[in-house]
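*Asks:* Okay, handing you the structure first.
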Amino acid sequence: MSAPIYRVENLRKEYERRVVVDVEQLEIYAGEIFAVVGPSGAGKSTLLRLLNFLETPTYGQIVYRDRVLDGHIPIETRRQVTTVFQRPVLLRAGVRDNVAYGLGLRGQRADGRVDEIIAQVGLQALTYASAHKLSGGEMQRVALARALVIEPRVLLLDEPTANLDPYNVGLIEEIVREQNRARGTTIVLVTHNVFQAKRLAPRVGLMLNGRVIEVGNTQQFFDAPHDPRTAAFVRGEMVY
Amino acid sequence: MDELTRGFFQAIQLIFSADPALYEIIFLSLRVTGLALLVSTAIGVPVGAALGLSNIRARGFITALLYTGMGLPPVVVGLFVYLMLSRSGPFGVFGWLFTPSAMIVAQIIIAFPLVSGLTMAAVQGVDPALRLQVRSLGATRAQEVWAVLREARLGVIAAIVAAFGGIISEVGAVMLVGGNIEGKTRVLTTAIVLNTRTGEFSLAIALGVILLALAFLANVAMLRLQGKS
């Protein structure tokens, strides 16, 4: 296994004294696809926001590429990580402008890479269409293309296929797999869909009430979980 | 009805008559309103954006002040500016009373709450998730603010259009602080008032038609800009 790209140590996030994330220890390895499963409200999305440096931990720290990150995060570091959220928020502009947005932020030109990525997500026919006139699946593909074009070191996916039809789910999963395989992008996938976690990730973790209950390789996690709560969750018997 | 028809045809005749006095009135109206709009936009858009984006505790109070300002009676603004600029007032030394400068100041005070208040509302109307999304894509704080403003641009243009409509058509303030002096501070609205008082209804209607046409053209221009957005 490669070196950890993230080391999370005693990480805690509170909102008005309510503990949302309380992770004692978690390592995410460079180049892997790691899935975090758990019920709604388990703190999965907050964990992703912390990993994307969009939130400041209340306590604890995140070690990213062997650097302890606390306080001010340099923009160069922030720009190595991006998130595709459950609900795609697109700019009031065309598909191409949306996809090229992150390049513009970095002072880079919208060159052939943009068109390549648009083709990769199967939207070349809609390159100049207004992003706000697309279907939900197409919008999410634009959001994914917008994240991929900046060639992130880490791609965080927050329930990226919730509410999408099977065609779009399959397409997005294939693009994610390809991105990881061809470019070695580290991918952290948050999902409540255990089947998706099983299909995409070699390593899975369960989050419950802000805590990481169990982390293991996919086969062990699903077939022989150590924790009874993991067993209940994967069997669909957990009441929450 | 005859008066209206006559006034309409007189307006057309007036426009093509190349009457220098009329063009002076039109140009002064556009100059005063244009400059007032420019200044209130330059100040009002950043202030509105800052209020829309911030979470300062006093925002509720400032919002209430701005919304009250949006309904300020122009004549009250005129009175206030008059007192400030009169010889015994704190800014009397400038000697601006009964000059276009005083009219511009009054119109800025009327337009500013409209521009900033409506810009604030437009910025607050932008999906809050957008800020998180652009930050996640690597936006700096300044780029994040710019992204929100770009998303709110339709509302910002609407704010400027509303302010333009509010000041090009107001009469109370410019009448008080400008004095409606021929060749110096007479604008379309004050000229309409004067001609109505002296019984020159056709001329008043003609000026009214010109004022409406100007407002219409300015709005069409801004709406085209909005459409392009």
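The values are calculated or read from the model by the stated rules, or taken from the named source; none is laboratory data. In this text the structure is predicted, and so the values were computed from the model without any measurement. Counting neighbours? That spans all protein chains shown, and the Cβs are built from the backbone with ideal geometry, glycine included. Note: areas computed on protein heavy atoms with side chains; ligands, DNA, RNA excluded. Shrake-Rupley method; radii C 1.70, N 1.55, O 1.52, S 1.80 Å.
*Asks:* Could you please give the count of residues in the stretch B:57-86 that are out of contact with any helix residue (DSSP H, G or I) (no Cβ under 9 Å at 6 or more places or on another chain) and part of a helix (DSSP H, G or I)?
*Replies:* Number satisfying all stated conditions: 4.
Matching residues to (1) of a type outside the set (D, E, K, R); (2) modelled with pLDDT under 95:
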position: B:110; (1), (2): yes, no
position: B:135; (1), (2): no, no
position: B:145; (1), (2): yes, yes
position: B:200; (1), (2): no, yes
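*Asks:* When the stretch A:81-98 is examined, which residues are found to be more than 11 Å from chain B (Cβ to nearest Cβ) and either buried (at least 23 other Cβ atoms within 10 Å of the Cβ) or among the β-branched types (Val, Ile, Thr) (or both)?
*Replies:* A:95
*Asks:* Shifting gears a bit: Can you pull out every residue in the stretch A:154-172 that is within 12 Å of the chain's Cα centre (by Cα) and either of a type in the set (Ser, Thr, Tyr) or on the phi < 0 side of the Ramachandran plot (or both)?
*Replies:* If the condition is that a residue be within 12 Å of the chain's Cα centre (by Cα) and either of a type in the set (Ser, Thr, Tyr) or on the phi < 0 side of the Ramachandran plot (or both), then A:154, A:155, A:156, A:157, A:158, A:160, A:161 are the ones that fit.
*Asks:* What are the residues in the stretch A:83-129 that are of a type in the set (Lys, Arg), assigned to a loop (DSSP other than H, G, I, E, B) and either in contact (Cβ under 8 Å) with a residue 40 or more places away in the chain or closer than 16 Å to residue A:139 by Cβ (or both), if any?
*Replies:* A:87, A:92, A:106
*Asks:* Another question, if that's okay. Do you know which residues across the stretch A:148-179 are in a helix (DSSP H, G or I) and open to solvent by 30 Å² or more (accessible area, probe 1.4 Å)?
*Replies:* A:166, A:167, A:170, A:171, A:174, A:177, A:178 - these are the residues of the stretch A:148-179 that are in a helix (DSSP H, G or I) and open to solvent by 30 Å² or more (accessible area, probe 1.4 Å).
*Asks:* While we're on this one: In the list A:200, A:208, A:189, A:157, which residue meets the criterion of being more than 30 Å from residue A:76 (Cβ to Cβ), in contact with a helix residue (DSSP H, G or I) (Cβ under 8 Å, 6 or more places away or on another chain) and either more than 14 Å from chain B (Cβ to nearest Cβ) or touching a residue at least 60 places away in the same chain (Cβ under 8 Å) (or both)?
*Replies:* Of the residues listed, the single one that is more than 30 Å from residue A:76 (Cβ to Cβ), in contact with a helix residue (DSSP H, G or I) (Cβ under 8 Å, 6 or more places away or on another chain) and either more than 14 Å from chain B (Cβ to nearest Cβ) or touching a residue at least 60 places away in the same chain (Cβ under 8 Å) (or both) is A:208.
*Asks:* Return a yes/no flag: does the stretch A:104-125 have any residue that is in contact with a strand residue (DSSP E or B) (Cβ under 8 Å, 6 or more places away or on another chain), under 23 Å from residue A:164 (Cβ atoms), open to solvent by less than 50 Å² (accessible area, probe 1.4 Å) and not acidic (Asp, Glu).
*Replies:* Checked the stretch A:104-125: no residue is in contact with a strand residue (DSSP E or B) (Cβ under 8 Å, 6 or more places away or on another chain), under 23 Å from residue A:164 (Cβ atoms), open to solvent by less than 50 Å² (accessible area, probe 1.4 Å) and not acidic (Asp, Glu).
*Asks:* While we're here: For the stretch A:6-18, does any single residue satisfy the condition of being under 20 Å from residue A:160 (Cβ atoms) and either surrounded by fewer than 18 Cβ atoms within 10 Å (Cβ to Cβ) or within 14 Å of chain B (Cβ to nearest Cβ) (or both)?
*Replies:* No, the stretch A:6-18 has no match at all.
Rundown of residues vs (1) polar (S, T, N, Q); (2) at pLDDT below 95, yes/no style:
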| site | (1), (2) |
| --- | --- |
| A:173 | no, no |
| A:177 | no, no |
| A:185 | yes, no |
| A:204 | no, no |
| A:238 | no, yes |
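*Asks:* For the stretch A:48-80, name all the residues that are within 14 Å of another protein chain (Cβ to nearest Cβ) and within 16 Å of the chain's Cα centre (by Cα).
*Replies:* A:48, A:49, A:50, A:51, A:52, A:53, A:54, A:55, A:78, A:79, A:80
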